[in-house]
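*Asks:* The structure follows.
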């Protein structure tokens, strides 16, 4: 996998800057503007002085004109925590190349972008629950550590996004940017999970990974369909009409996810595995607002 | 049911092959999907759990097994019969009589003849074994249309060459011919395809054990002219036309018959014909000039050919008789001739002695009939009819070789016009000539030892009627037979004796000249009278005779011989053909074993059709997903 991220590509990513749709709080002042007022060079507002305020923040010229002690407030720049939740369930192993491979490339790229801009980036895989990943990675030097980790990561188990987000919000208290890369099957459960994240004021992005097979399955006839996650099977006769209904249903499934995302200001993008991940990041995510 | 090609069952191994392939088919190919639940929502709640769904799964296999079974059976050429069928030699006799031209309303107005042809095609089609076939067309005379063959298609092709005949058929001769042709054959069988009208077939079947009768037709609605005859009134004053109309149906029918003389209506006679009976009528016509009479029934029915009949009315003409006789022996002849009234032209007829006769000019010697009573003229006229009594000239090819004493006299040819109404029994003859005929002659009466006593010679220009005894040496002049004999002679030479052809023929007859034609005639012309135009044909005259076969239709033929015309009417006039009602009795059907068809088709063809339908059905059920 590492060979996909050559230097030229990585340099190209360096020009991209992650932006957040909402200002978030950070423990370190970084290059991201924050809604919280703090120390920086960009004036934001005044407020009355309160005991304990830094006297250096008092605007003495105002005091001279008006006789009131006001403190200058500046837009505070803080660190952006990027959390990439990577679906590593068995269903992600579907396709050639597999959705999981594609998702890992995207996750690694996003994390690399975050790390290159001195933000902390975390990649946490999940299946039936949130798994231990690599968190709070800072600096480019850590990227190879991340890539090694992702290379060894296996897709297995069933997806339980609710259990995953429940564990995530209990573990990460401070709002951050959460990018969920998954196929999002079982959309109703996925929406409940996203609701949990919204409740904790995370800025959320969802990347729906899909293969061309899922968009237009090249199958027909008497087939035994085997579920990759549960290994359950059913015998079905796939007809043209059923395929037509499937395509309509899949498009509706994607549209519902996108509609949900738009309603709650959640970034949405669909990553198709036949589109190279770098093209996806540069073109598709740029249009979706994830990449500036 | 049995199979004619049981080897086809060896192909039954295809069935387990299909089952195997089907099992492979239903062992579905596995396809990994990321989310099965997503597909299940599309497929429905319970796709293959119900009994119906399970049946659907196996329906396709069942259909294919049924298809294979049908094809195997079709390949095996199955035979559906009550018993076993062995190859036979089958002579088919197709009744080609006029009644077979009856139109059957129950079969789209097809004639029985057409139905019979179809029946033969059916029989050849549904005989499952390789029989030997023969086809005989039973028309006026039986004719082999297809000699023995094992190719049933040849029979069907030969059927196309059989033209409908509108006359009577001779089934008995056809059966006799078939029996001759069947001699030496294994398992012989005669199949008669006929309407069996008027019981023509019953006797055949009863006479033979190997005759099967296949009946065609069931219509009985027919009213037809079964007889029409004309005779001159005894006083030569009028024609009497006798007409007989038969009703074949089981209901009384009221209709009318129209008589036309030379296309002019002379009488329209309503009548009521009782069921299965005849209506007879005699019409008296004053037609001294003669003419062509037609009788037509004004009612459409199943058989049209017998609705019209024709008759020829000869012109009325009194005979010119010249009696050459010694005066003292002429009494009985003169009395008898006088008694004939208008039949004899009394003004021109006379009695002369031989001497007077010899002195007559040639024109005066000619008469319709010259009677030589015991005398022999030196020279006979070149043309005419002559009655010789007790002696004859050398023109007559008969020689006296002895004398018969007290010979008996008996009629040898009863159906001749000269002997009608004649009773010669008990006639006493004292002596007579014992005669040797040097040429063939019509012997009308002979003695007990076979010596001709009354005989007739016909030549192209001369006719001789000879009595080999002197009537005065017998009691014949005192008997009624004498004037009757003379009257028959006069009437015969005035009508039939002069006629070249008979006035009545039935369809299919060959019209031959009744007497030799003059040697200067090499051909005759004849025409069918009817419609506005007359189309003439010609027939060759060979050995002073002609033969014309143009009697396939009802009508009148006109023959032209030099300047003279002769007319002949051609009619069906057959009671057997008019009575088209058929017998419901089944005769000898058991002798003919046929395989049972399926829906009018041979079993193998029906099975192939079923297989095709099943294939189409299987395709449809698969296409519309009724099966899996």
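*Asks:* From B:441, B:489, B:499, B:468, grab the single residue that is modelled with pLDDT of 85 or more, surrounded by 17 or more Cβ atoms within 10 Å (Cβ to Cβ) and closer than 27 Å to residue B:230 by Cβ.
*Replies:* B:489
*Asks:* Go over the candidates B:569, B:527, B:573 one by one and state the one that is surrounded by 15 or more Cβ atoms within 10 Å (Cβ to Cβ) and assigned to a loop (DSSP other than H, G, I, E, B).
*Replies:* Of B:569, B:527, B:573, the one residue that is surrounded by 15 or more Cβ atoms within 10 Å (Cβ to Cβ) and assigned to a loop (DSSP other than H, G, I, E, B) is B:573.
*Asks:* Return the residues of segment A:178-215 that are more than 9 Å from every other protein chain (Cβ to nearest Cβ), in a loop (DSSP other than H, G, I, E, B) and crowded, with 23+ Cβ neighbours inside 10 Å; say none if nothing qualifies.
*Replies:* Of everything in segment A:178-215, those that are more than 9 Å from every other protein chain (Cβ to nearest Cβ), in a loop (DSSP other than H, G, I, E, B) and crowded, with 23+ Cβ neighbours inside 10 Å turn out to be A:184, A:202.
*Asks:* Quick check on my filter: what residues within segment B:359-403 are part of a loop (DSSP other than H, G, I, E, B) and surrounded by fewer than 13 Cβ atoms within 10 Å (Cβ to Cβ)?
*Replies:* Those that are part of a loop (DSSP other than H, G, I, E, B) and surrounded by fewer than 13 Cβ atoms within 10 Å (Cβ to Cβ): B:361, B:378, B:379, B:382, B:383, B:394.
*Asks:* For residue B:208, state whether it is within 30 Å of residue B:134 (Cα to Cα), touching a residue at least 24 places away in the same chain (Cβ under 8 Å) and within 24 Å of the chain's Cα centre (by Cα).
*Replies:* Spelling it out, residue B:208 is indeed within 30 Å of residue B:134 (Cα to Cα), touching a residue at least 24 places away in the same chain (Cβ under 8 Å) and within 24 Å of the chain's Cα centre (by Cα).
*Asks:* Of the conditions (1) out of contact with any strand residue (DSSP E or B) (no Cβ under 7 Å at 6 or more places or on another chain); (2) within 30 Å of residue B:310 (Cβ to Cβ); (3) outside any helix (DSSP H, G or I), residue B:162 fails just one. Which one is it?
*Replies:* Residue B:162 satisfies every listed condition except (1).
*Asks:* Could you count how many residues in segment A:243-255 are over 26 Å from the mean Cα position of the chain (by Cα) and at the interface with chain B (Cβ under 7 Å from one of its Cβ atoms)?
*Replies:* 2
*Asks:* Return a yes/no flag: does segment B:465-478 have any residue that is part of a strand (DSSP E or B) and under 30 Å from residue B:546 (Cβ atoms).
*Replies:* Yes - at least one qualifying residue is present in segment B:465-478.
*Asks:* Step by step: first the residues of segment A:216-242, then only those that are touching a helix residue (DSSP H, G or I) at 6+ places or on another chain (Cβ under 9 Å), farther than 23 Å from residue A:156 by Cα and not in a loop (DSSP other than H, G, I, E, B), then the one that is farthest from the other protein chains (Cβ to nearest Cβ). Which residue is that?
*Replies:* Filtering segment A:216-242 for residues that are touching a helix residue (DSSP H, G or I) at 6+ places or on another chain (Cβ under 9 Å), farther than 23 Å from residue A:156 by Cα and not in a loop (DSSP other than H, G, I, E, B), the one farthest from the other protein chains (Cβ to nearest Cβ) comes out as A:238.
*Asks:* Which one of these is assigned by TED's automatic domain parsing to the domain that holds residue B:248 and in contact with a helix residue (DSSP H, G or I) (Cβ under 9 Å, 6 or more places away or on another chain): B:195, B:227?
*Replies:* Exactly one of B:195, B:227 is assigned by TED's automatic domain parsing to the domain that holds residue B:248 and in contact with a helix residue (DSSP H, G or I) (Cβ under 9 Å, 6 or more places away or on another chain), namely B:227.
*Asks:* Another one. Can you tell which of B:251, B:220 is crowded, with 18+ Cβ neighbours inside 10 Å and assigned to a loop (DSSP other than H, G, I, E, B)?
*Replies:* B:220
*Asks:* Being surrounded by fewer than 15 Cβ atoms within 10 Å (Cβ to Cβ), outside any strand (DSSP E or B) and touching a residue at least 12 places away in the same chain (Cβ under 8 Å), is that true of even one residue in segment B:289-296?
*Replies:* Checking segment B:289-296: at least one residue is surrounded by fewer than 15 Cβ atoms within 10 Å (Cβ to Cβ), outside any strand (DSSP E or B) and touching a residue at least 12 places away in the same chain (Cβ under 8 Å).
*Asks:* Does residue A:127 count as touching a residue at least 24 places away in the same chain (Cβ under 8 Å), crowded, with 22+ Cβ neighbours inside 10 Å and within 14 Å of another protein chain (Cβ to nearest Cβ)?
*Replies:* yes
*Asks:* Next question. Is it the case that residue B:539 is assigned to a loop (DSSP other than H, G, I, E, B), surrounded by fewer than 21 Cβ atoms within 10 Å (Cβ to Cβ) and not assigned by TED's automatic domain parsing to the domain that holds residue B:262?
*Replies:* Taking the combined requirement at face value, the residue does not satisfy it.
*Asks:* Restricting attention to segment A:256-279, and to residues there that are within 14 Å of another protein chain (Cβ to nearest Cβ) and part of a helix (DSSP H, G or I), which single residue is nearest to residue A:198 (Cα to Cα)?
*Replies:* Looking at the filtered set, the residue picked out is A:257.
*Asks:* Is it true that residue A:146 is touching a helix residue (DSSP H, G or I) at 6+ places or on another chain (Cβ under 6 Å), at pLDDT below 90 and in a helix (DSSP H, G or I)?
*Replies:* Yes; evaluated as a whole, the condition is true for this residue.
*Asks:* Let me ask another. How many of the residues in segment A:89-125 are closer than 16 Å to residue A:152 by Cα, outside any helix (DSSP H, G or I) and under 13 Å from the mean Cα position of the chain (by Cα)?
*Replies:* Result for segment A:89-125: 3.
*Asks:* Tell me, which strands (runs of 3 or more DSSP E) wholly within segment B:59-153 include 1 or more residues that are without any contact (Cβ under 8 Å) to a residue 12 or more places away in the chain?
*Replies:* Of the strands (runs of 3 or more DSSP E) lying wholly inside segment B:59-153, those with at least 1 residues that are without any contact (Cβ under 8 Å) to a residue 12 or more places away in the chain span B:142-149.
*Asks:* Would you mention how many residues in segment B:374-412 are in contact with a helix residue (DSSP H, G or I) (Cβ under 7 Å, 6 or more places away or on another chain) and at pLDDT 90 or above?
*Replies:* Going through segment B:374-412 one residue at a time, the tally reaches 8.
*Asks:* Could you tell me whether segment A:198-214 includes any residue that is in contact with a strand residue (DSSP E or B) (Cβ under 6 Å, 6 or more places away or on another chain) and closer than 14 Å to residue B:33 by Cα?
*Replies:* Yes, because at least one residue in segment A:198-214 is in contact with a strand residue (DSSP E or B) (Cβ under 6 Å, 6 or more places away or on another chain) and closer than 14 Å to residue B:33 by Cα.
The values are calculated or read from the model by the stated rules, or taken from the named source; none is laboratory data. Everything numeric in this text was worked out from a predicted model, so none of it was measured. Please note: Cβ atoms are built from the backbone with ideal geometry, for glycine as well, and neighbour counts cover all protein chains shown.
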